[in-house]
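Have a look at the structure below before the remarks.
The values are calculated or read from the model by the stated rules, or taken from the named source; none is laboratory data. Model, not experiment: these values are computed from the prediction. In this analysis, Cβ positions are derived from the backbone assuming ideal geometry, glycine residues included, and neighbour counts consider all displayed protein chains. In case anyone asks, the SASA skips ligands and DNA or RNA and just uses the protein heavy atoms, side chains included. Shrake-Rupley method; radii C 1.70, N 1.55, O 1.52, S 1.80 Å.
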Amino acid sequence: MSTPDDTLAALRGRRVVLCVTGGISAYKAVEVCRRLVDAGAHVAPVLTDDAQRFVGAVTFSALASEPARTSLFDAAEPIPHTRLGQQADLIVVAPATAKVIGKYAHGISDDLVSATLLATRAPVLVAPAMHTEMWEHPAVVDNLATLRARGVHVIDPEEGRLAGGDIGAGRLAAPERIVEAAARVVARDGDLTGLRVVVTAGGTREPIDPVRYIGNRSSGKMGFAIANAAAARGADVVVVATVRRPAHPRVRVEPVDTAEQMAAATLAAAATADAVVMAAAVADFRPKAAADTKIKKADGVPEIVLEPTPDILALLGERKRADQYLVGFAAETDDVRANAASKLSAKRVDLMVGNDVRSGDSGFEVDTNRAVLLDAHGGVDEPGLVTKVALADLILDRVRDARRPHEGAHA
Ligand code: C5P
């Protein structure tokens, strides 16, 4: 187990640009700044004009590693945003208002904070804070989904007291949580560089006739979370998917519909992959023969004969190279751990992620998951209810850790 101090060690000596935007919780960014400095980071603060209505730049200048910047034009240096962006190891936006999230998602750069966000290739951690109505507004939800798909890290706000005495979701995450998240982002930055990762996503559709199919409720959210996180961490990623979702620029999407098509695309891509993650919900059976024309109701109840589909994961397990890491999912409605354990050995995978698809906050369609991670060495990890994005990173940590001893052997 790592101690909190180990957790923050990744920040030591790193250049962090702390962007503060104009929300009532801007005062908590002072604490974020102090904690980042205490962890050994070199902190360069940048404040928007609105942020300075809530908290003074002088406070940040006193606590940070260099004076706070507030303008694209007033500093001694002519183009502060490019220097800040290029030299950063991490950019943290705390608090992030709906305004800066919207500007960032749409590529608008009209002040030093938004220009710095566009002028960087460093990882970015955004800590939103706003009223519940704004946090739940479809525009904000969509903008954050866009940013997440591009690999931007988001630390969700908490429920609690908001400005003006209101209570609800939207309160800035606690400063210590923001700093811990920052350390995790830095520790994972580029740690999958050079790896080729294949992910499958979504539920397959097995045609009954040209308009009907046998399908399932898989949304592809888990698969895309893994694909996007892997790309954000430096991997080259192929996602074989039955659904369309926002994808990181380094993710190549191979669209498929049926289990047969998914098998062909996945087995081909897996031949050169370092890791394969079968997050898709693949149909186990398909109609033996799909009708060429729409089956007519007037012809009575049809008899549909089913046949098994290829078990892609089992085939991958049979063909697995010694240096390849294979992850399977087990969507279960009961006995999650026992069912996942039996699939772990039957399909010869390195990691089986059993998830409960019956409770409302876990499994199909939702943004969170409650999973048990079983590895081939008997290791069991139950992270509890977490976002699919967070679970994706935990799964990818296993991919990375499996890779490291192998690399060491060649060193
Ligand atoms: O046995 P079960 O279908 O529950 O196993 C689930 C795992 O196997 C998932 O990772 C799923 O993607 C994979 N699978 C597959 N091909 C099938 C059925 C499931 O690859 N035909």
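Scan the strands (runs of 3 or more DSSP E) fully inside the range 102-198 and keep the ones with 3 or more residues being under 21 Å from ARG12 (Cα atoms).
124-128
Scanning the range 224-275 for residues that are part of a loop (DSSP other than H, G, I, E, B) and acidic (Asp, Glu) turns up ASP257, ASP274.
Rundown of residues vs (1) modelled with pLDDT of 95 or more; (2) in contact with a Ser or Thr (Cβ under 9 Å, 6 or more places away or on another chain), yes/no style:
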site	(1), (2)
ASP49	yes, yes
VAL55	yes, no
ALA62	yes, no
GLN86	no, yes
ASP89	yes, no
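Picking from residues in the range 261-298 that are surrounded by fewer than 16 Cβ atoms within 10 Å (Cβ to Cβ) and within 12 Å of the ligand (Cβ to nearest atom), the one that is nearest to ARG212 (Cα to Cα) is PHE285.
Look at the range 320-347: where a residue is modelled with pLDDT under 90 and a partner is open to solvent by 70 Å² or more (accessible area, probe 1.4 Å) and more than 10 Å from the ligand (Cβ to nearest atom), sitting 6+ places away or on another chain with Cβ atoms under 6 Å, you get THR333/ARG358. Taking the range 240-260 as the range and being at pLDDT below 95, open to solvent by 70 Å² or more (accessible area, probe 1.4 Å) and more than 20 Å from ARG217 (Cα to Cα) as the test, the residues that pass are PRO249, ARG250.
THR82 falls short on exactly one of the conditions (1) assigned to a strand (DSSP E or B); (2) β-branched (Val, Ile, Thr); (3) more than 21 Å from the chain's Cα centre (by Cα), and that condition is (1). Once the range 126-146 is narrowed to residues that are under 13 Å from the mean Cα position of the chain (by Cα) and surrounded by fewer than 22 Cβ atoms within 10 Å (Cβ to Cβ), the residue that is nearest to HIS248 (Cα to Cα) is THR146. In the range 18-39, is there at least one residue being in a loop (DSSP other than H, G, I, E, B), at pLDDT 95 or above and surrounded by fewer than 17 Cβ atoms within 10 Å (Cβ to Cβ)? Checked the range 18-39: no residue is in a loop (DSSP other than H, G, I, E, B), at pLDDT 95 or above and surrounded by fewer than 17 Cβ atoms within 10 Å (Cβ to Cβ).
For the residues THR82, THR59, THR48, the requirement of being surrounded by fewer than 20 Cβ atoms within 10 Å (Cβ to Cβ), in contact with a Cys (Cβ under 9 Å, 6 or more places away or on another chain) and of a type outside the set (D, E, K, R) singles out THR59.
Do we have any residue at all in the range 9-30 that's over 30 Å from THR132 (Cβ atoms) and touching a Cys at 6+ places or on another chain (Cβ under 9 Å)? Looking through the range 9-30, none of the residues is over 30 Å from THR132 (Cβ atoms) and touching a Cys at 6+ places or on another chain (Cβ under 9 Å).
Conditions (1) within 29 Å of THR193 (Cα to Cα); (2) in contact (Cβ under 8 Å) with a residue 60 or more places away in the chain, marked per residue:
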site	(1), (2)
ARG69	no, no
GLU77	no, no
GLN87	yes, yes
VAL93	yes, yes
LEU112	no, yes
LEU118	yes, no
GLU136	no, no
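Considering only residues in the range 314-347 that are under 19 Å from ALA268 (Cβ atoms) and in a loop (DSSP other than H, G, I, E, B), the one that is farthest from the ligand (Cβ to nearest atom) turns out to be ASP323.
For the structure I just gave you, tell me whether GLU159 is in the same structural domain as VAL253 (by TED's automatic domain parsing) and of a type in the set (Asp, Glu).
Working: in the same structural domain as VAL253 (by TED's automatic domain parsing): no; of a type in the set (Asp, Glu): yes.
Criteria not met by GLU159.
Looking at the structure I just gave you, is ASP323 open to solvent by 70 Å² or more (accessible area, probe 1.4 Å) and assigned by TED's automatic domain parsing to the domain that holds VAL372? In short, no.
Listed conditions (1) assigned to a strand (DSSP E or B); (2) over 28 Å from the mean Cα position of the chain (by Cα); (3) near the ligand (Cβ under 8 Å from one of its atoms) are all met by PRO310, apart from (1).
For the range 194-236, the tally of residues that are out of contact with any Lys or Arg (no Cβ under 8 Å at 6 or more places or on another chain), within 24 Å of ASP356 (Cα to Cα) and surrounded by fewer than 24 Cβ atoms within 10 Å (Cβ to Cβ) stands at 4.
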